[in-house]
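The values are calculated or read from the model by the stated rules, or taken from the named source; none is laboratory data. Note that the coordinates shown come from a computational prediction; the quantities given were computed from them, not determined experimentally. Every residue, glycine among them, receives a Cβ derived from its backbone with ideal geometry; neighbour counts consider all protein chains shown.
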Amino acid sequence: MRITVSHNLADLESDLRKIPRILRKEGRRVVQHNIVEGNRIAKAFASEQHTMFGDEDIEYPPSFTSEMTGPMRGEYGPDAAIGDGSQAEGYEHGSINSPPHNDLGRSLDQIAPEFGMDVSDLVSSLFWPES
Amino acid sequence: MTAPELDERVHWDAIADALAAEVGTGRVFKYGDVPGLDGNAGDIPPIFVLLTVQRRYTSTGRLSARHSRSGWRVSTRYVGRTVDEAAWAALRATRALDDMRLSIGTRTSTPIHHESTQSIKPDGARLSGSSSWTYAL
């Protein structure tokens, strides 16, 4: 059996025209997926501290939100304007009296490698959309 | 369990020794052990460093899910009576940890990598800031 793949410059030209369009759409999807997942994990860590092991600042976990801040840029974490979100700095990084919770840092440990792979897969798929 | 040395106290001791060499002995504490805080006897030291070490998540590419390495996160909170004192402790802690390799058991860690730093601000009876670091063993 033999597989022959042939391309010509017209194919390349059409690929190059399609790529920016696909990248805008799929790039946004990759970022959005990862901030939602990162937020879910960080919020779970925060819930563990504030609802499983205690009831202090029980409105802290619900302050974890994610949002897109640009076409391919997003952020997640506690929002100071929601519930007990304004306590975030003390919980995340700790103080003289309490050790850091590192909810965001620990969520990054899980999300960062996945995000890297998602971006890498996306770039490969731009040239091999069928794969 | 294949990852080496998982007792966080052993990691804590190794890092505390490295910090003490820069900030001075008797100035590195665990949370709950600081004199004058948490109901402990004595006066709060003028300058000190609070150290926590925790194992962190590392993904594994192996189907058996076995790890031959373990990842760790170090959090340091440097405390002083003035911004200058806290900044001094921060600089010394940075000198002690940045790119340092820990010898734990028979293994040498990857160089300690700076992760993030928060600025110095009023914190109870003192001023403090914090930095976190990561390494693998």
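Listed values, structure above:
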item: So residue B:116, is it touching a Ser or Thr at 6+ places or on another chain (Cβ under 9 Å) and small (Gly, Ala, Ser); result: yes
item: Selection from segment B:23-57 of residues that are within 15 Å of residue B:126 (Cβ to Cβ), surrounded by fewer than 19 Cβ atoms within 10 Å (Cβ to Cβ) and among the charged types (D, E, K, R); result: B:38, B:43
item: Residue check, residue A:39 farther than 20 Å from residue A:98 by Cβ and at pLDDT 95 or above; result: yes
item: Looking only at segment A:56-83, and only at residues there that are in contact with a strand residue (DSSP E or B) (Cβ under 8 Å, 6 or more places away or on another chain) and not in a strand (DSSP E or B), the one that is nearest to residue B:34 (Cα to Cα); result: A:60
item: Among residues of segment B:70-100, those that are touching a residue at least 12 places away in the same chain (Cβ under 8 Å) and either at positive phi or not aliphatic (A, V, I, L, M) (or both), counted; result: 18
item: Residue in segment B:77-96 that is touching a Phe, Trp or Tyr at 6+ places or on another chain (Cβ under 8 Å) and either of a type in the set (Asp, Glu) or modelled with pLDDT under 95 (or both) present; result: no
item: Filter result (at pLDDT below 95 and of a type in the set (S, T, N, Q)) within segment B:17-53; result: B:25, B:40
item: Selection within segment B:58-83 - within 11 Å of chain A (Cβ to nearest Cβ) and loosely packed, with under 15 Cβ neighbours inside 10 Å; result: B:59, B:60, B:61
item: Residues of segment B:104-137 satisfying the condition of being more than 14 Å from chain A (Cβ to nearest Cβ), buried (at least 16 other Cβ atoms within 10 Å of the Cβ) and not in a loop (DSSP other than H, G, I, E, B); result: B:104
item: Filtered residue count, segment A:81-110, keeping only those that are surrounded by 22 or more Cβ atoms within 10 Å (Cβ to Cβ), among the polar types (S, T, N, Q) and at the interface with another protein chain (Cβ under 7 Å from one of its Cβ atoms); result: 1
item: Scan of segment B:2-21 for residues that are of a type outside the set (Asp, Glu) and without any contact (Cβ under 8 Å) to a residue 24 or more places away in the chain, ordered by number; result: B:9, B:20
item: Cβ pairs under 9 Å, 6+ apart, first in segment A:15-37 and over 29 Å from residue A:62 (Cβ atoms), second of a type in the set (S, T, N, Q); result: A:22/A:125; A:26/A:125
item: Meets criteria (touching a helix residue (DSSP H, G or I) at 6+ places or on another chain (Cβ under 8 Å), without any contact (Cβ under 8 Å) to a residue 40 or more places away in the chain and either exposed (fewer than 14 other Cβ atoms within 10 Å of the Cβ) or in a helix (DSSP H, G or I) (or both)) for residue A:41; result: no
item: Of all residues in segment B:84-103 being within 13 Å of the chain's Cα centre (by Cα) and basic (Lys, Arg), the one that is nearest to the other protein chains (Cβ to nearest Cβ); result: B:92
